[in-house]
Each structure stands twice: as C-alpha cells, then as structure tokens.
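Structure first, then comments.
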Amino acid sequence: MGYCLSAVCLAWVLHGYQFNELLPAIRTLDWGWVTIAVLSDLSVYVVHGWRWNTLLEPVARLRLTRTVQAIYIGLFANEILPLRVGEVIRCYLLAHWNNLNLSVTLASVGVERLIDGFWMIAAFLITTTYVKGIPPDLNYLVRLIGVLLISGAVILVWVVKHKQHAHSVIGETKFAAALRHMVEGLHVMGNPRTMGRTALISLFYLLLQYFTVYALMRAYRLDYSFWVACGVLTIVRLATVVPNAPGNIGLGNLACVMAMKLFELGENDAKTFSIILFGALTLPLLIGGAVATALTGSNIGELRDRAKQGMDAHKANPPGIPR
C-alpha cells in the first residue's frame with residue numbers, strides 16, 4: 001500500500017510537468033547556497049548523534065563518531081530498503097558496538113520520536129497562524145498524531161514515576177523481560193536534566209533542518225523567508241509520517257508541491273523545487289551512508305540480516321532470562 005501510494009503521488013507530480021525546464025533550473029542554481037544546504041543537512045545527523053548520546057548518557061558514555069556512523073547507516077537503509085528498517089539497524093549497531101541492551105536503544109528512539117513529534121506539532125501550530133488553506137486531511141492527521149503523542153508522554157511519565165508498578169503490569173514472559181529492560185532504560189533516561197537537554201538539542205536539530213530547506217530555496221532563487229521554509233518542511237514531515245516508498249519519493253514530492261503552492265508558488269516551479277529538494281537531501285545521504293556502511297566491512301543487506309537476527313535472539317532470550 002505504501003508503494004502504491006508513493007507511485008500514485010509521483011505520477012500526479014510528474015503529470016503535466018514540463019521536463020524541459022528541469023535542466024535549465026539546475027544549471028541556474030546558486031551552487032554556493034546548494035553547498036551550504038548539503039553541509040547543513042549532513043551536520044543535522046551529527047547533531048542527531050549528539051542528541052542520542054545525550055539521551056543515553058545516564059546509561060553509557062558513547063563515542064560520537066560511532067553513534068553518527070550508526071545513524072548514517074540507518075539513513076542509508078531507509079533510502080534503499082522498505083518499511084524504514086534503518087531505525088532497527090541503527091539501534092542494533094549502537095547496542096552491538098557498545099555492549100548495550102537492544103531494548104534500551106529501541107526505547108531511546110521512541111523517546112526521540114516523542115520529542116520530535118511535540119516540536120513538529122508546535123511548528124505546525126505556528127504555521128497555521130500565517131498559512132491559509134491547509135488541507136483538512138492534514139489537520140486531521142496532526143490531531144491524530146497529537147493524541148498519540150500525548151498518550152505516549154503520559155505512558156513515559158507513568159513509567160518514570162512508577163517503575164515498580166510498571167514491572168508488575170508487564171508480567172513474567174520472555175517478551176515481558178525485554179519490556180522490563182525497556183522500562184529500566186526509560187526510567188534512567190527519563191530524569192528531568194537528561195530530558196531537558198535532549199529537548200533543547202532536538203529543537204536545534206529541527207531548526208537546522210529548516211535552515212537546509214531555506215538554503216535550497218535561496219539556491220533556487222526564491223525570495224521566501226526562513227519561516228516559509230519552516231512551514232514547508234513541517235507540512236512535508238507530517239505528510240510523510242504515513243508509510244511509503246524508500247526516501248519518501250512520490251509522497252514527499254507531492255507534499256512539497258502542495259506546501260509550496262500554499263505560499264503562492266507556480267505549480268511547475270513547485271514541482272521543480274520538489275525534485276531539487278529530493279535530490280539535494282537524498283544524494284549526500286546515499287554517499288555518506290554508503291561510506292559509513294563500507295567502514296563496517298559489510299553490505300547493507302548483511303547488516304539488515306544481522307539486525308533481524310539480533311532482534312529475534314533478543315526476543316527469544318532477553319537478558320536476565322535463562323537460555
């Protein structure tokens with residue numbers, strides 16, 4: 001269904017598109033701003049590594065280079081493999097390289113997503129104050145995400161404050177043992193100091209992504225403000241929450257076109273910018289991810305299989321449960 005959705009969206013974007021304008025548009029880009037955008041996008045994931053290390057600091061001291069490598073390998077997997085398996089791969093690699101419990105790294109990603117979600121909802125609410133005509137379906141999606149985020153936050157706070165009760169609720173099965181380790185990790189990571197620092201780094205992480213889009217707008221010679229870039233990326237990120245093809249191709253392009261049209265950009269120019277945005281954000285990740293993967297001595301398929309085996313082994317024999 002995700003692939004079908006992406007295919008339909010890509011067909012819509014390319015229908016009636018004047019391809020003869022694409023190469024001239026690329027040739028006339030301001031390559032200084034393109035370079036700034038690419039460097040900004042690559043640095044986003046260094047900040048991501050800093051955030052992940054900060055979140056896991058109460059559990060273990062991690063090397064930033066290894067964390068960033070795991071993130072890039074995960075991003076590379078997300079760009080070429082379905083179902084966003086890169087999230088599992090990066091968790092497996094970080095756990096494997098640092099002798100961490102896999103449940104803890106998975107729990108940390110859940111906390112990351114929770115914090116990112118709250119910042120994204122806040123950004124969307126700000127966007128709605130100066131953008132008219134946002135599609136009703138997107139508003140409904142945001143409300144659903146908001147309900148899920150609030151529910152997740154309530155569960156997180158309850159686990160942090162009532163660890164023993166959480167353990168008693170889980171039970172004694174093998175699967176429950178993995179959940180208990182997740183609860184322990186959440187309890188340790190959920191202290192106010194760690195969560196506060198992680199939330200602030202997450203804000204910087206989001207602003208850096210916005211700046212990347214702003215730099216690409218300047219490269220395309222669009223006279224838009226930084227806040228327009230924030231609005232466009234917010235809409236794109238929220239729209240691509242729905243499972244779709246690797247790299248968000250198709251759905252991401254359509255969301256970008258619809259967002260740019262809200263800011264009164266012509267349809268063909270909006271489609272061209274969506275292609276430039278996709279290329280500028282995807283090609284550097286493919287190169288960086290390929291290098292990060294090559295440094296492991298394995299290919300991405302082998303890493304995916306090892307991550308799957310690690311997940312299966314963790315479910316079958318969680319730490320603390322006799323073999």
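The values are calculated or read from the model by the stated rules, or taken from the named source; none is laboratory data. Here the structure is a predicted model, which means the values were calculated and not measured. As a convention, Cβ positions derive from the backbone with ideal geometry for all residues, glycine included, and neighbour counts pool all protein chains shown. SASA here: full protein model, heavy atoms, side chains in, ligands and nucleic acids out. Shrake-Rupley method; radii C 1.70, N 1.55, O 1.52, S 1.80 Å.
Evaluate region 53-66: report whether one residue or more is free of Cβ contacts under 8 Å to residues at least 60 places away in the same chain, within 21 Å of T293 (Cβ to Cβ) and open to solvent by less than 40 Å² (accessible area, probe 1.4 Å). Checked against the condition, which is being free of Cβ contacts under 8 Å to residues at least 60 places away in the same chain, within 21 Å of T293 (Cβ to Cβ) and open to solvent by less than 40 Å² (accessible area, probe 1.4 Å), region 53-66 yields at least one hit. Being in contact (Cβ under 8 Å) with a residue 24 or more places away in the chain and in contact with a Leu (Cβ under 9 Å, 6 or more places away or on another chain), is that true of even one residue in region 12-26? Yes: region 12-26 contains one or more residues that are in contact (Cβ under 8 Å) with a residue 24 or more places away in the chain and in contact with a Leu (Cβ under 9 Å, 6 or more places away or on another chain).
Among the residues of region 135-147, those that are surrounded by 14 or more Cβ atoms within 10 Å (Cβ to Cβ) and of a type in the set (A, V, I, L, M, F, W, C) comprise L138, L141, V142, I145.
Within region 1-42, the set of residues being surrounded by fewer than 17 Cβ atoms within 10 Å (Cβ to Cβ), of a type in the set (S, T, Y) and over 17 Å from I275 (Cβ atoms) comprises Y3, T35.
Across region 199-217, not a single residue is classified as modelled with pLDDT under 95 and aromatic (F, W, Y). Selection of helices (runs of 4 or more DSSP H) fully inside region 237-317 by the criterion of at least 2 residues being open to solvent by 20 Å² or more (accessible area, probe 1.4 Å) and modelled with pLDDT under 90 returns 300-316.
Close contacts from region 217-234, counting a first residue that is in a helix (DSSP H, G or I) and a second that is among the aromatic types (F, W, Y) and modelled with pLDDT under 95, with Cβ to Cβ under 8 Å and a gap of 6+ residues or different chains, come to M217/Y224; W227/Y130; V228/F263; G231/Y130; G231/F263; V232/F263; T234/F124.
Summed over region 229-258, residues that are polar (S, T, N, Q) and within 17 Å of Y214 (Cα to Cα) total 2.
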